[in-house]
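For reference, the structure is listed below as structure tokens.
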Amino acid sequence: MSYARFAIYFVPPDGPLAEFGAKWLGWDVVTGRNVPGFDVPGLHDITVTPRKYGFHGTLKPPFRLKECQTPEALKAAVCDVAGALSPAACDGLELRQLGRFLALTPLGPLDGLQHIAEACVRDLDGFRAPAAEAEIARRRKAGLSNRQDLLLAQWGYPYVFEEFRFHMTLSGGLPKEDVRGWTYTLQRHLPDLPTPFVIDQIALCGERQDGRFELIHRYTLTG
């Protein structure tokens, strides 16, 4: 299949968390299929934005492939990166409000996870086509700091390296008055969250022509 963009994600392994994420968003990034969602009024509407990406944590944000590169070369490079990285573990996950959306975020020491994300951004950047001017202008409208603007110019995304915050998105932007209610709803549907939360693999995902992301391949961290 031809993909418009690629990304490096953490995609939870098969189990209760992955099943929950697919059902909550209504899209299974692993199988590349719609799945029946929870019977919760309004859920479809609040998950429109994250649905196309699937349930994941971003390590290297979506990027277009340079014309001189190929998907096969990218796959080989991701395999090399995974082979040089050691697994990381955090104390667990918690549900948090980030701005106007809800997400699962890690608890405890984050150095190992941070190292994995930095390696994915840095070591695979030779495959990334420069961001279009329109995309850069759109991101700058968010009111970036000077450092974030420099990161955007160099790496095509403002929230990398020290600005990176790992999260697994569960909603789009919510009205302030709705955040508490959706937090309560999520707490009732979440499975037992992993303790510890282990990141021992990375996933190469691709954006299909319909705008949805799907898993291309998982790579075990063996460094």
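The values are calculated or read from the model by the stated rules, or taken from the named source; none is laboratory data. Nothing here was measured: the structure is a model prediction, and the numbers come from that model. Positions of Cβ are generated from backbone atoms using ideal geometry, with glycine treated the same way; all protein chains shown enter the neighbour counts. The area values use the complete protein model at the heavy-atom level, side chains included, leaving out ligands, DNA and RNA. Shrake-Rupley method; radii C 1.70, N 1.55, O 1.52, S 1.80 Å.
Restrict the check to the range 25-48 and report whether at least one residue is in a helix (DSSP H, G or I) and closer than 22 Å to P194 by Cα. Quick ask: steps written out before the conclusion?
Step one: list which residues in the range 25-48 are in a helix (DSSP H, G or I), which gives 25, 43-46, 48.
So of that shortlist, the ones also closer than 22 Å to P194 by Cα come out as 25.
The answer is yes, given that some residue of the range 25-48 is in a helix (DSSP H, G or I) and closer than 22 Å to P194 by Cα.
Answer with yes or no whether V179 is modelled with pLDDT of 95 or more and within 16 Å of the chain's Cα centre (by Cα). Show your work before the answer.
Working: modelled with pLDDT of 95 or more: yes; within 16 Å of the chain's Cα centre (by Cα): no.
Criteria not met by V179.
Working carefully through the options F213, F197, find the one that is aromatic (F, W, Y) and closer than 24 Å to D91 by Cβ. Write out each step before concluding.
Values: F213 fails: closer than 24 Å to D91 by Cβ.
When all the criteria are applied, what remains is F197.
Which residue out of A77, A22, A7, A103 is among the hydrophobic types (A, V, I, L, M, F, W, C) and over 29 Å from H189 (Cβ atoms)?
Details: A22 fails: over 29 Å from H189 (Cβ atoms); A7 fails: over 29 Å from H189 (Cβ atoms); A103 fails: over 29 Å from H189 (Cβ atoms).
Result: A77 is the single residue among A77, A22, A7, A103 that is among the hydrophobic types (A, V, I, L, M, F, W, C) and over 29 Å from H189 (Cβ atoms).
Table: residues versus (1) modelled with pLDDT under 95; (2) of a type in the set (A, V, I, L, M, F, W, C); (3) within 25 Å of P16 (Cβ to Cβ).
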residue: Y157; (1), (2), (3): no, no, no
residue: F164; (1), (2), (3): no, yes, no
residue: P175; (1), (2), (3): no, no, no
residue: H189; (1), (2), (3): no, no, yes
residue: F197; (1), (2), (3): no, yes, yes
residue: D200; (1), (2), (3): no, no, yes
residue: L204; (1), (2), (3): no, yes, yes
residue: D210; (1), (2), (3): no, no, no
residue: T222; (1), (2), (3): no, no, no
Within the range 1-45, the residues that are without any contact (Cβ under 8 Å) to a residue 24 or more places away in the chain, charged (D, E, K, R) and surrounded by 13 or more Cβ atoms within 10 Å (Cβ to Cβ) are K23
Here's a check for you: in the range 184-198, which residue that is assigned to a loop (DSSP other than H, G, I, E, B) and open to solvent by 60 Å² or more (accessible area, probe 1.4 Å) is nearest to L110 (Cα to Cα)? P196
From the list Q148, Q201, which one is polar (S, T, N, Q), closer than 17 Å to P87 by Cα, open to solvent by less than 40 Å² (accessible area, probe 1.4 Å) and touching a helix residue (DSSP H, G or I) at 6+ places or on another chain (Cβ under 8 Å)? Q201
I need the full set of residues from the range 160-173 which are in contact (Cβ under 8 Å) with a residue 60 or more places away in the chain and part of a loop (DSSP other than H, G, I, E, B), in order please. V160, R165, F166, H167, L170, S171, G172, G173
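Just to check your reading of the model, which residue among K52, K60 is open to solvent by less than 30 Å² (accessible area, probe 1.4 Å), within 20 Å of F166 (Cα to Cα), touching a residue at least 60 places away in the same chain (Cβ under 8 Å) and among the charged types (D, E, K, R)?
Numbers: K52 fails: open to solvent by less than 30 Å² (accessible area, probe 1.4 Å).
Matching residue, one of K52, K60: K60.
For the range 157-176, check the following and say yes or no: at least one residue is β-branched (V, I, T) and open to solvent by less than 20 Å² (accessible area, probe 1.4 Å).
Step one: of the range 157-176, the residues β-branched (V, I, T) are 160, 169.
Subset that is open to solvent by less than 20 Å² (accessible area, probe 1.4 Å): 160.
Yes, there is a match, as at least one residue in the range 157-176 is β-branched (V, I, T) and open to solvent by less than 20 Å² (accessible area, probe 1.4 Å).
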Which number in (1) in a loop (DSSP other than H, G, I, E, B); (2) free of Cβ contacts under 8 Å to residues at least 24 places away in the same chain marks the one condition that G181 misses? (1)
